[in-house]
Every structure is written in structure tokens, then in C-alpha cells.
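*Asks:* Have a look at the structure that comes next, please.
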Amino acid sequence: MKIVKASNSDVQTIFRHAKKVAVESTMGYAKGHEQHAVNGIKMALSNGYYLVAKEDHKLLGWVLVTGTIDSIKNTYIGYIADLYVLEEHRKKGIGNKLLKAGLNKCKQHGYKYVQLNVFAKNPAKNLYEEFGFEDLVHTMQIKL
């Protein structure tokens, strides 16, 4: 397996999965609003790029590396906007390798901090915590 910068063809393949990924990664929260989630990813991509995990030219997963401004500290930070491993390739350490590659790119870009968002019950949260990510903000909601 190798991790490389995504080609235009890879990005098109990622976008074909985008609506499903939006629903899955939000634990169903984005259902019915998938296009809004996809638009957010496209906006992040305008300032960043995908790294993809491939084996025998087959796409296994991806990570979207970008930068943003921490509005509280008024400083540029790295941001992992998307991390996904196709279902048939999970539990093989691919997500771990993609996240490590994404963090290395953020470090190369000179970012001192990296943030990401994850839904509370998303199993990927465990991976992020293993890497040292800590809870920073909790968004809460009530249905009326």
C-alpha cells in the first residue's frame, strides 16, 4: 500500500462516495442534507488536498488536509476535513497510516496545531484519541 497525493480521477472517485460518507461519518445526522455536507468538503478542498491510500491502483481510503484559522487564537492551524476508509478495507491500519500522513503534511506546512471534527459516537474518535487528539468543544442539541 502507498499513500500519495490524489489525482483528479481519485478526487472524482471520492466525490462519488461523498454522500454516503457524509451520512456515515455523521452517524446519520446528515441524512437528507448530504449535499450540504459535500459542499463543505468541496470548500475545504479549495484550500487543501487529498492524500489517498492505494494498492494495485485501487483506492482504499483518503484524508483531506487543509488549513484554517483558529478564530479564538487568531492563528493558522492544520485541519483534517475528511478521513475515510472504504468499508471492505477497514481494520487493516489504513486509517492510522492516512492520519499519520495527514499530520506529517500539516507539520511540513508549519502548523503547530491540527484540529478536526468528529461526531461523538463515530468509531473513528478512538483513532483520533490514540493519536493524542483531545476534546476541545462540545456542540450540544435538543429536539423541540
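*Asks:* So which residues in segment 25-77 are among the acidic types (Asp, Glu) and on the phi < 0 side of the Ramachandran plot? Break it down into steps so the answer makes sense when it comes.
*Replies:* First, the residues of segment 25-77 that are among the acidic types (Asp, Glu): 34, 55-56, 70.
Listed by number, the residues that qualify are GLU34, GLU55, ASP70.
*Asks:* Pull out all pairs, ordered by first then second residue, where Cβ-Cβ is under 8 Å, the residues are six or more apart or on different chains, the first lies in segment 67-90 and is without any contact (Cβ under 8 Å) to a residue 60 or more places away in the chain, and the second is open to solvent by 60 Å² or more (accessible area, probe 1.4 Å) and among the polar types (S, T, N, Q).
*Replies:* Close Cβ pairs satisfying both conditions: GLY67/ASN47; THR68/ASN47.
*Asks:* Let me ask something additional. Quick one: how many residues across segment 105-124 are surrounded by 15 or more Cβ atoms within 10 Å (Cβ to Cβ), over 28 Å from GLN141 (Cα atoms) and polar (S, T, N, Q)?
*Replies:* Total satisfying the criteria: 0.
*Asks:* Any idea which residue in segment 125-144 is modelled with the highest pLDDT, counting only those that are aliphatic (A, V, I, L, M) and surrounded by 10 or more Cβ atoms within 10 Å (Cβ to Cβ)? Give the steps one after another, and end with the answer.
*Replies:* Let us first name the residues in segment 125-144 that are aliphatic (A, V, I, L, M), namely 127, 136-137, 140, 142, 144.
The next check asks that each one be surrounded by 10 or more Cβ atoms within 10 Å (Cβ to Cβ); those that pass are 127, 136.
On the way: LEU127: 97, LEU136: 91.
It comes out as LEU127.
*Asks:* Mind checking which residues of segment 116-134 are closer than 16 Å to TYR84 by Cβ and among the aliphatic types (A, V, I, L, M)?
*Replies:* Of everything in segment 116-134, those that are closer than 16 Å to TYR84 by Cβ and among the aliphatic types (A, V, I, L, M) turn out to be LEU116, VAL118, ALA124, LEU127.
*Asks:* Ok, one more. Take segment 85-104 and flag every residue that is open to solvent by less than 80 Å² (accessible area, probe 1.4 Å), over 15 Å from PHE131 (Cα atoms) and either assigned to a helix (DSSP H, G or I) or in contact with an Asp or Glu (Cβ under 6 Å, 6 or more places away or on another chain) (or both).
*Replies:* HIS89
*Asks:* Out of SER25, SER9, SER71, I need the residue that is more than 12 Å from the chain's Cα centre (by Cα), within 25 Å of TYR111 (Cβ to Cβ) and either among the small types (Gly, Ala, Ser) or open to solvent by 50 Å² or more (accessible area, probe 1.4 Å) (or both). Which one? Outline the logic, then answer.
*Replies:* Details: SER25 fails: more than 12 Å from the chain's Cα centre (by Cα); SER9 fails: within 25 Å of TYR111 (Cβ to Cβ).
That would be SER71, the only listed residue that is more than 12 Å from the chain's Cα centre (by Cα), within 25 Å of TYR111 (Cβ to Cβ) and either among the small types (Gly, Ala, Ser) or open to solvent by 50 Å² or more (accessible area, probe 1.4 Å) (or both).
*Asks:* Please list, ordered by first then second residue, the pairs with beta carbon atoms under 7 Å, 6 or more apart or interchain, first in segment 29-48 and without any contact (Cβ under 8 Å) to a residue 12 or more places away in the chain and open to solvent by 40 Å² or more (accessible area, probe 1.4 Å), second among the hydrophobic types (A, V, I, L, M, F, W, C) and not in a loop (DSSP other than H, G, I, E, B).
*Replies:* LYS31/VAL23
The values are calculated or read from the model by the stated rules, or taken from the named source; none is laboratory data. Small disclaimer: the values here were computed from a predicted structure and weren't measured. Quick reminder, even Gly has a Cβ in these numbers, built from the backbone with ideal geometry, and neighbours come from all protein chains shown. Calculation scope for accessible area: heavy atoms of the full protein, side chains included, ligands and nucleic acids excluded. Shrake-Rupley method; radii C 1.70, N 1.55, O 1.52, S 1.80 Å.
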